[in-house]
Amino acid sequence: MDFEKIKQAAEGYKVDMVRFLREMISHPSESCEEREVVACIKAEMEKLGYDKVEVDGLGNVIGWMGDGDKIIAIDSHIDTVGIGNIANWTHDPYKGYEDDDIIYGRGGSDQEGGMASAVYGAKIMKDLDLIPAGYKIMVVGSVQEEDCDGMCWQYIYNKDKIVPEFVISTEPTDGGIYRGHRGRMEIRVDVKGVSCHGSAPERGDNAIYKMADILQDVRALNENPADDSVEIKGLVKMLDPKYNPEHYEDARFLGRGTCTTSQIFYTSPSRCAVADSCAISIDRRMTAGETWDSCLEEIRNLPNVKKYGDDVKVSMYMYDRPSWTGEVYETECFFPTWINKETAPHVQALVDAHHSLWGDKRLMPTELAASKREGRPLTDKWTFSTNGVAIQGRYGIPCVGFGPGAESQAHAPNEITWKQDLVTCAAVYAAVPGLYKEENKTADVTQFRAALTDNDIK
């Protein structure tokens, strides 16, 4: 394989990738509103001579290169979060600007930059005849990831009936190759009360006051140590072999679980009445050794949850929001933890590609990028969650991450990505299929996968 030729090809497409990324950014594409950016991506793939371009029932846009039976997929979610308070942005988030080094705008890092690199990475494969015999390349612009991680790939797996050999996620990795991340789930706690006139609150039962007690327990779960000095042992306990003997090493690699209250709701007849219900949403990040049912039981066993007994209900959210096509794919809001073995052949293919093209350290296109990348190992893990929760966490399809941009830019105002990252990633994607050693594949490349629920998700 001529790595210099691959690098030259990627550099030659730099201007095109920058233009394409800015075009995608110009189309606001929050979850369930991706229609315009899907059309933009489809047109770009067709212009570049993809063998086939299609949009599935959920609205995922899929481009194909090659004609083999086995599939190597490159995934980019093309939805974004909103812009939040526009006053926090220095430029229009959908027009932005570019200079010699960066591209500014919502979706640059999270995660349309990955789409630009993937589309042109596959084009380089075609240009240089890099697709191995028996394989084809699947480039996916997936929808609704920000709303419900991995749901798009549940649809691809169950409805489109597509099962790749492995998948490269193009989520931002700060120049690293990522082999896993924590899982998560969305938990709801409901508390019942009894309303009455606010002038005589003793006649009622204030649900907000009950929830205030429970909230302190939830906070303690996240912040407490794990020693005998506290009644509620903190989630840090999963890093200790005493509490997590089988998986504490994996937990230390992925990082401890976290628990945060993200939303609060109430009902009351009026502003001069006692609240008769209160509910909270909990964003629960799960490390190795934690399961969906252990996380629910952990909340149910909090002292103040038990104190209020039948007045409290702890449950897991379900997701059923229609896609931009109108399709509804109902699923649970549980996103399993997963880690690859470092020796897995799909991980090694990316490592080998990076070493051959760019060396054994993360590239640092600017001082800002260097501040996030300096001293970090080339192979690492994400802090946040990705479509990998379904691809590998749910279905065991090997997944690995390498994408342009920075985790710290995700969901932030004044989001940017680096032009050089687009080139770096496109070159690596182009080289990977020829470096993948299928003969080294084992029955299970996973070091840890969280157990699934008993819900039959199809």
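The values are calculated or read from the model by the stated rules, or taken from the named source; none is laboratory data. Note that this is a predicted model, so its numbers are computed, not measured. Note: ideal-geometry Cβ built from the backbone for every residue, glycine included; neighbour counts use all protein chains shown.
Miscellaneous remarks
- Hits in the stretch 78-114 - residues which are closer than 20 Å to A369 by Cβ and crowded, with 24+ Cβ neighbours inside 10 Å: I103, G105, R106, G107, G108, S109, D110, Q111, E112, G113, G114
- Checklist (1) in contact with a helix residue (DSSP H, G or I) (Cβ under 7 Å, 6 or more places away or on another chain); (2) within 20 Å of R449 (Cβ to Cβ); (3) buried (at least 21 other Cβ atoms within 10 Å of the Cβ) applied to R256, failing item: (3)
- Checking each residue in the stretch 331-346 for being buried (at least 24 other Cβ atoms within 10 Å of the Cβ) and touching a Pro at 6+ places or on another chain (Cβ under 8 Å) picks out N340, H346.
- Per-region count, the stretch 319-330, residues of a type outside the set (D, E, K, R) and loosely packed, with under 14 Cβ neighbours inside 10 Å: 3
- Residue match in the stretch 436-448 (condition: at pLDDT below 95, under 29 Å from Q8 (Cα atoms) and in the same structural domain as F166 (by TED's automatic domain parsing)): yes
- When residues of the stretch 401-445 are limited to those that are farther than 17 Å from V351 by Cα and hydroxyl-bearing (S, T, Y), the one surrounded by the most Cβ atoms within 10 Å (Cβ to Cβ): T417
- Helices (runs of 4 or more DSSP H) lying entirely in the stretch 343-396 (those with 1 or more residues that are out of contact with any His (no Cβ under 7 Å at 6 or more places or on another chain) and of a type in the set (V, I, T)): 345-358, 388-391
- Within the stretch 149-177, considering residues that are touching a strand residue (DSSP E or B) at 6+ places or on another chain (Cβ under 8 Å) and under 14 Å from I457 (Cα atoms), the one surrounded by the fewest Cβ atoms within 10 Å (Cβ to Cβ): Q154
- Count - residues of the stretch 195-222 that are surrounded by 19 or more Cβ atoms within 10 Å (Cβ to Cβ) and either polar (S, T, N, Q) or outside the structural domain of K237 (by TED's automatic domain parsing) (or both): 3
- Unique residue being of a type in the set (D, E), surrounded by fewer than 13 Cβ atoms within 10 Å (Cβ to Cβ), at pLDDT 95 or above and over 30 Å from L239 (Cα atoms) when the list is D360, D352, D310: D310
- In the stretch 42-62, the count of residues that are assigned to a loop (DSSP other than H, G, I, E, B), in contact (Cβ under 8 Å) with a residue 12 or more places away in the chain and among the aliphatic types (A, V, I, L, M) is one or more.
- Total residues in the stretch 112-161, condition part of a loop (DSSP other than H, G, I, E, B) and farther than 24 Å from E415 by Cα: 10
- Hits in the stretch 226-255 (condition: assigned to a loop (DSSP other than H, G, I, E, B) and closer than 20 Å to A288 by Cβ): A226, K233, G234, D240, P241, K242, Y243, N244, P245, E246, H247, G255
- Every residue from the stretch 397-427 that is outside any loop (DSSP other than H, G, I, E, B) and touching a Pro at 6+ places or on another chain (Cβ under 8 Å): E407, Q409, T417, W418, K419, Q420, D421, L422, T424, C425
- Contact annotation: residue pairs with Cβ atoms under 6 Å, 6 or more positions apart or on different chains, pairing a residue in the stretch 334-362 that is in the same structural domain as W382 (by TED's automatic domain parsing) and farther than 16 Å from H181 by Cβ with a partner that is of a type in the set (S, T, N, Q) and at pLDDT below 95, are P345/N440.
- For the stretch 169-185, the condition of being within 30 Å of K313 (Cβ to Cβ) and among the aliphatic types (A, V, I, L, M) holds for at least one residue.
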